[in-house]
1. Pairs only if they're at least six apart or on different chains, beta carbon under 8 angstrom, first in the stretch 454-471 and at negative phi, second hydrophobic (A, V, I, L, M, F, W, C) and open to solvent by 40 Å² or more (accessible area, probe 1.4 Å); list them, first residue then second.
2. Of the residues in the stretch 91-113, how many are within 16 Å of ligand 1 (Cβ to nearest atom), surrounded by 13 or more Cβ atoms within 10 Å (Cβ to Cβ) and among the small types (Gly, Ala, Ser)?
3. Name the one entry in Ala368, Ala389 that is open to solvent by less than 10 Å² (accessible area, probe 1.4 Å) and not in a loop (DSSP other than H, G, I, E, B).
4. Just give me the residues in the stretch 160-194 being within 13 Å of ligand 2 (Cβ to nearest atom) and not in a loop (DSSP other than H, G, I, E, B), in sequence order.
5. I'm told Asp402 meets every condition in (1) open to solvent by 20 Å² or more (accessible area, probe 1.4 Å); (2) closer than 20 Å to Leu6 by Cα except one. Can you identify the failing condition by its number?
6. Looking at the stretch 125-139, which of the residues that are part of a loop (DSSP other than H, G, I, E, B), out of contact with any Pro (no Cβ under 8 Å at 6 or more places or on another chain) and touching a residue at least 12 places away in the same chain (Cβ under 8 Å) is surrounded by the most Cβ atoms within 10 Å (Cβ to Cβ)?
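The values are calculated or read from the model by the stated rules, or taken from the named source; none is laboratory data. Computed from a predicted model, the values in this text were never measured in an experiment. Ideal geometry is used to build each Cβ from the backbone, glycine not excepted, and the neighbour counts take in all protein chains shown. These accessible areas exclude ligands, DNA and RNA; they are computed on the full protein's heavy atoms, side chains included. Shrake-Rupley method; radii C 1.70, N 1.55, O 1.52, S 1.80 Å.
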Amino acid sequence: MYSHALLTPEQMYRADALAVAAGVSSLTLMERAGRAVAEEILRRFGARPTLVLCGPGNNGGDGYVVARLLRDWGWPVRVALLGETARLKGDAAIMAKRWGGPFESVTSVDGAGLIVDALFGAGLSKPLSDQIVKLSSAVKVPVVAIDVPSGIDGATGAARPAAFRADLTVTFFRKKPGHVLMPGREYCGETVVADIGIPDRVLDEIKPPLMENFVPELPQAGPNQHKYRRGHAVVVSGAAHQTGAARLAARSALRVGAGLVTVASPKAAMAANEAHLTAIMLAEADDALALGRLLADRRKNAVCIGPAAGVGAETRAKVRAALASGAAVVLDADALTSFALAPDELFEAIAETPERAVVMTPHEGEFARLFKDLVKESDSKCERAIAAAKRSGAVILLKGPDSVAANGEGGAIVNTNAPPSLATAGSGDVLAGLLTGLLAQGMEGVGAAAAAMWLHGAAAGKFGRAGLTAEDLPDLISCGIPQNPLL
Ligand SMILES: NC(=O)C1=CN([C@@H]2O[C@H](COP(=O)(O)OP(=O)(O)OC[C@H]3O[C@@H](n4cnc5c(N)ncnc54)[C@H](OP(=O)(O)O)[C@@H]3O)[C@@H](O)[C@H]2O)[C@@H](O)CC1
Ligand SMILES: [K+]
């Protein structure tokens with residue numbers, strides 16, 4: 001159940017303690033951790049002069065194990081210690097003794113062909129000193145980080161204020177949020193999770209609420225399927241010269257499996273929409289009243305509003321009509337910005353019909369407009385999204401290279417398969433459409449958000465060359481799931 005869980009450093013300490021209570025000694029865990037790192041190094045690098053930078057805690061303890069094993073396997077190894085050997089405690093002191101070789105001080109990385117970064121892991125408690133920051137930027141050879149690159153906050157992924165840039169990071173048992181949230185994910189390079197014998201059942205006690213996104217289980221069309229059983233998605237179109245975004249969303253909703261999709265268009269935009277739509281239906285909805293009437297048909301069970309909708313009172317009124325309809329609602333782009341001056345009005349409207357799903361899909365700028373006090377950089381993106389979900393009553397899909405979907409119960413899912421090519425015009429409209437299409441098929445809010453993020457990233461990854469445009473994306477979502485070659 002918790003195979004994709006993310007553990008904060010605190011939760012990892014608890015997992016460690018529960019494993020020890022279950023009979024695995026902490027020294028054994030350290031030996032296995034160090035061995036896992038040494039073996040990953042052996043798998044990737046030929047023997048070369050290696051400098052192991054060891055900090056004063058157990059991250060350094062793992063470092064001595066790596067140093068001893070590599071040396072025993074014939075590698076030329078040096079150990080540099082930050083602090084004094086006399087001050088080492090517990091398992092780290094034992095492993096330092098077992099290394100048995102000389103200690104240098106941490107002053108330079110000259111002469112090394114590989115750096116093992118064992119300075120700070122889960123126990124990073126303050127910003128790196130200027131000396132360590134300077135040292136980290138002087139490294140010109142491959143770096144293997146133990147647990148997390150030193151300087152990266154395992155809970156948030158923030159660099160405090162800088163960090164070692166690793167080619168490989170070996171962590172233990174489960175990843176931490178800092179391995180998947182930016183910029184941490186970038187600093188980690190490749191991340192390998194090693195099994196060090198902590199039993200999975202400790203997670204039943206910890207109940208970690210965060211996880212990394214993974215291949216979704218999508219709604220299946222059975223042999224007796226009828227299009228009306230696959231839901232009817234409605235996408236609200238912008239004004240006459242701003243209709244493309246809604247059509248991108250509508251095509252995505254249809255591609256992801258919604259039975260029917262209708263674009264709800266202002267009168268003046270009907271001709272533009274009509275000229276471009278075939279399988280997707282078109283209905284006139286010139287104002288909020290008309291949109292409400294359209295959505296009164298309860299078969300229309302999911303509605304998306306925001307892509308190029310325009311910012312202002314008209315969009316606010318349409319959002320209220322959508323929220324009052326009882327259909328699941330996706331609020332994107334202009335639908336969010338329209339409430340920048342009165343976010344509570346939006347949250348109250350959401351609260352009026354709590355039984356249907358509402359998902360908001362802000363990027364960081366839109367998020368800051370609605371949740372002005374939830375933008376502190378020191379807070380984890382997961383925690384910010386969770387706080388926003390609790391306040392608004394909606395699922396929050398906070399977009400970015402590390403998109404996070406969070407619900408009001410305190411759970412969050414971090415997406416890690418989005419390539420940089422997704423940062424292209426219209427890409428957000430596709431995501432909103434995928435989400436609407438999945439909600440129309442009856443998925444619940446955060447599940448639909450997670451699946452939409454995954455499909456979005458997988459589709460872009462599938463393009464596999466330069467020049468991706470948002471228009472390519474819907475066609476890359478082939479929905480013969482689970483035979484879908486994307487998955
Ligand atoms: N849990 C597990 O399951 C397992 C954990 N294992 C390993 O243990 C690691 C965690 O060990 P840990 O708790 O000793 O913390 P660690 O990262 O070594 O740092 C603490 C020391 O650094 C110091 N310090 C901190 N920041 C600093 C700074 N900026 N500049 C200077 N000093 C700074 C801090 O000082 P203090 O905060 O006390 O002032 C303290 O002395 C974990 O990452 C993994 O590698 C494995 O062995 C296997 C099982
Ligand atoms: K480290």
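1. Close Cβ pairs satisfying both conditions: Trp454/Phe214; Trp454/Val215; Ala458/Leu487; Thr469/Ala425; Ala470/Ala425.
2. Here the count works out to 3.
3. On inspection, the qualifying residue turns out to be Ala389.
4. Leu168, Thr169, Val170, Thr171, Phe172, Gly178, His179, Gly184, Tyr187, Cys188, Thr191, listed by residue number.
5. Unmet condition: (1).
6. Top of the filtered list is Val139.
Let's see how each residue does on (1) touching an Asp or Glu at 6+ places or on another chain (Cβ under 9 Å); (2) modelled with pLDDT of 95 or more:
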residue: Pro219; (1), (2): no, no
residue: Pro223; (1), (2): no, no
residue: Lys227; (1), (2): no, no
residue: Val234; (1), (2): no, yes
residue: Ser237; (1), (2): no, yes
residue: His241; (1), (2): no, yes
residue: Leu248; (1), (2): yes, yes
residue: Ser252; (1), (2): yes, yes
residue: Ile280; (1), (2): no, yes
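So that you can scan it fast, the table gives a plain yes or no per residue for (1) within 12 Å of ligand 2 (Cβ to nearest atom); (2) touching a Lys or Arg at 6+ places or on another chain (Cβ under 8 Å):
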position: Ala96; (1), (2): no, no
position: Ile115; (1), (2): yes, no
position: Asp130; (1), (2): no, no
position: Lys134; (1), (2): no, no
position: Gly151; (1), (2): yes, yes
